[in-house]
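Report on the following structure.
Derivation of every value follows stated rules applied to the coordinates shown; laboratory data play no part. Predicted, not measured: the structure shown is a model, and the values here were computed from it. Here Cβ is always computed from backbone atoms with ideal geometry, including for glycine, and neighbour counts include all displayed protein chains.
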Amino acid sequence: MIKSAIICSPDLWQRGHGVTHPLKPARLQRTYELLAAYGAFDGQESMLVQPRQATPEELGLFHTEEYIEAVRNLSQGGKRFNPRRYNFGPGDNPVFPEMYETEALKVGAALVAAELVASDQVGVAFSFSGGLHHAGPAHASGFCVFNDVSVAIHWLLQRSLRVAYVDIDAHHGDGVQDAFYETDRVLTISLHETGLYLFPGTGFVEELGRGAGRGYAVNLPFAPYTDDETYLWAFEEIVPPLVRRFQPDIVVSQLGVDTHYRDPLTHLCLTTSGYVAAVTTIKKLAPRWLALGGGGYDIEVVARAWTLAYGVMSGQEFPDSLPSTYAEKYGHGSLRDHEKPRISSELREQARRYAEAGVAALKRALEI
């Protein structure tokens, strides 16, 4: 069996939310170019796969028919739908040309990845253009038009697969949590900066699911300035025991990189070392693994972190010096961080105490 696949096409970064928007398509292009420069797709155990556009029926696994049609109409400049009704407008969620085609392609990429993993063609597939975990059934949210995560998980559930979802984006995976809040067929775990300080303002420890889903929604929020040591300690205390107890057929992960200390929109302080350690643990927990992208708004950091993540997935160790072809275009440097954020002992201790309280509360509530 081929070990890994990455779902990629230049069509994924040809257009986007606009030149001033934080979610820049160049994040995807830079990631692909860095991986290609390292020869990540040259071996027989790794393959590059083209995405396809999700059909309206596939989008309908999670989104309403009205919303799907509204996105299509608005992206063509139509006036049949009021954009504000669906949370489109200036700011986070602008309407942009060919929005429907671009965002449906990202969902299709996640579905191609799911198909490859579910059919055992690969052990892990990485759709790094996805991880759009905020969108709801009938509204855009947090830069996300369609929720590829929820669509892909619904597709997997149709095939009677048991799914554990692990989200390490700095923002709470609210759209995915809401989608499966009342079922025990999906375990959702989100580790994120506390909603007291960061969008979407949710994801507190007390959000544990409802009805049959009680105990199957898990949130571990962190205080600003949380570093690698505290984050990884809390991650190991909560994620492995819960995933092992749940015994999933497949692990779906959202691998946002906005936990990095250089990210301009968030306040966590991880390095690439901490990020890679979390990704490595997810790999160990996953019998089969569908990996999705997510946030990350320092383009240089995103390309490096997702390259390292794909190295974990595919079992490749990339040299630390950036390849010359890439460095000549974007600047010389190292693949891995060689500096750490400067955090005062007081802030570091506050972040540790916040994480310890969250871990203790979850252990009590979930009997870990």
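So that you can scan it fast, the table gives a plain yes or no per residue for (1) surrounded by 16 or more Cβ atoms within 10 Å (Cβ to Cβ); (2) among the polar types (S, T, N, Q); (3) in contact (Cβ under 8 Å) with a residue 40 or more places away in the chain:
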residue	(1), (2), (3)
306	yes, no, yes
310	yes, no, yes
313	yes, no, yes
319	no, no, yes
322	yes, no, yes
338	no, no, no
346	no, no, no
349	no, no, no
357	no, no, no
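The number of residues in the range 327-336 being surrounded by 10 or more Cβ atoms within 10 Å (Cβ to Cβ) and more than 25 Å from the chain's Cα centre (by Cα) comes to 5. Every residue in the range 58-71 that is within 24 Å of the chain's Cα centre (by Cα) and either surrounded by 24 or more Cβ atoms within 10 Å (Cβ to Cβ) or touching a residue at least 12 places away in the same chain (Cβ under 8 Å) (or both), please. 58, 59, 61, 62, 63, 64, 67, 68, 71 - these are the residues of the range 58-71 that are within 24 Å of the chain's Cα centre (by Cα) and either surrounded by 24 or more Cβ atoms within 10 Å (Cβ to Cβ) or touching a residue at least 12 places away in the same chain (Cβ under 8 Å) (or both). Which of the residues that make up the range 90-125 are buried (at least 21 other Cβ atoms within 10 Å of the Cβ) and of a type in the set (Asp, Glu)? Result: 103, single match.
Yes/no per residue for (1) more than 22 Å from residue 279 (Cβ to Cβ); (2) buried (at least 20 other Cβ atoms within 10 Å of the Cβ); (3) without any contact (Cβ under 8 Å) to a residue 60 or more places away in the chain:
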| residue | (1), (2), (3) |
| --- | --- |
| 146 | yes, yes, no |
| 160 | yes, no, yes |
| 178 | yes, no, yes |
| 185 | yes, no, yes |
| 190 | no, yes, yes |
| 193 | no, yes, no |
| 211 | yes, no, yes |
| 215 | yes, no, no |
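Scanning the range 293-318 for residues that are farther than 12 Å from residue 263 by Cβ, assigned to a helix (DSSP H, G or I) and charged (D, E, K, R) gives a single hit, 304.
When the range 296-324 is filtered for residues that are among the hydrophobic types (A, V, I, L, M, F, W, C), over 12 Å from residue 275 (Cα atoms) and in contact with a strand residue (DSSP E or B) (Cβ under 9 Å, 6 or more places away or on another chain), the ones remaining, listed by number, are 313, 322. Considering (1) part of a loop (DSSP other than H, G, I, E, B); (2) over 30 Å from residue 135 (Cα atoms), the lone condition that residue 61 does not fulfil carries the number (2).
Just one of the numbered conditions (1) within 25 Å of residue 25 (Cβ to Cβ); (2) touching a Gly at 6+ places or on another chain (Cβ under 9 Å); (3) touching a residue at least 40 places away in the same chain (Cβ under 8 Å) is not true of residue 366: (1).
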